[in-house]
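Colleague: Would you mind keeping the following structure in view while I ask a few things?
The values are calculated or read from the model by the stated rules, or taken from the named source; none is laboratory data. No experiment lies behind these values; they were computed from the predicted model shown. Every residue, glycine as well, gets a Cβ built from its backbone with ideal geometry; the counts of neighbours run over all protein chains shown.
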Amino acid sequence: MAGPQFFTPQRKRPAPSQPVRKFTLEQANKTLPLVKRIVADIVKMHERATQNQLRVEKAKGADQQAAQRELDASVDRLQNLVDELSEVGCELKDYETGLIDFVGRHEGHDVYLCWKLGEEKITHWHELDAGFAGRKPVSQLHEK
């Protein structure tokens, strides 16, 4: 059973500023072997952190302190994984489903190349403000 959807770990330290990397569809697809491994770990660690959060809320006394230490460790590990994904240059959009966006180009402006854990390759893109519901097939993508 999935944990509560409301839990999203809070960043404990400021992230270093990074320039936004722009990907061609080919470049983004070439990163997927690494991205798939990181995202699979993020989804698993998010579930663990969510379960640890529930344990903290239910525990009392010394049990609560131990549960809090486990929660802190899982949130730290989760944050490290998110940082690792950011270093690749893509953006995590959903911790539970492993939804990722890469910044790409379409007809001279930035768009998102959209990928979700379980997909073999990037098959869709969407405008920056359209979200997942506005996905279009990459056959309609004009990168120039």
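Colleague: Working carefully through the options Arg37, Arg21, find the one that is closer than 30 Å to Gln140 by Cα and modelled with pLDDT under 90.
Modeller: Arg21
Colleague: Could you list, in sequence order, the residues of the range 109-134 that are surrounded by 14 or more Cβ atoms within 10 Å (Cβ to Cβ), more than 11 Å from the chain's Cα centre (by Cα), under 25 Å from Asp41 (Cα atoms) and at pLDDT 95 or above?
Modeller: Tyr112, Leu113, Cys114, Glu119, Ile122, Thr123, His124, Trp125
Colleague: Cβ-Cβ distance below 9 Å, separation of 6 or more or different chains: which pairs start in the range 48-71 with a residue that is surrounded by fewer than 17 Cβ atoms within 10 Å (Cβ to Cβ) and end on one that is among the aromatic types (Phe, Trp, Tyr)?
Modeller: If the second residue must be among the aromatic types (Phe, Trp, Tyr), the pairs left are Leu54/Phe7.
Colleague: Sticking with this one: Considering only residues that are assigned to a helix (DSSP H, G or I) and either of a type in the set (Val, Ile, Thr) or modelled with pLDDT of 95 or more (or both), which ones fall in the range 86-102?
Modeller: Val88
Colleague: Taking the range 73-108 as the search range and keeping residues that are over 16 Å from the mean Cα position of the chain (by Cα) and surrounded by 15 or more Cβ atoms within 10 Å (Cβ to Cβ), which one is farthest from Glu143 (Cα to Cα)?
Modeller: Gly104
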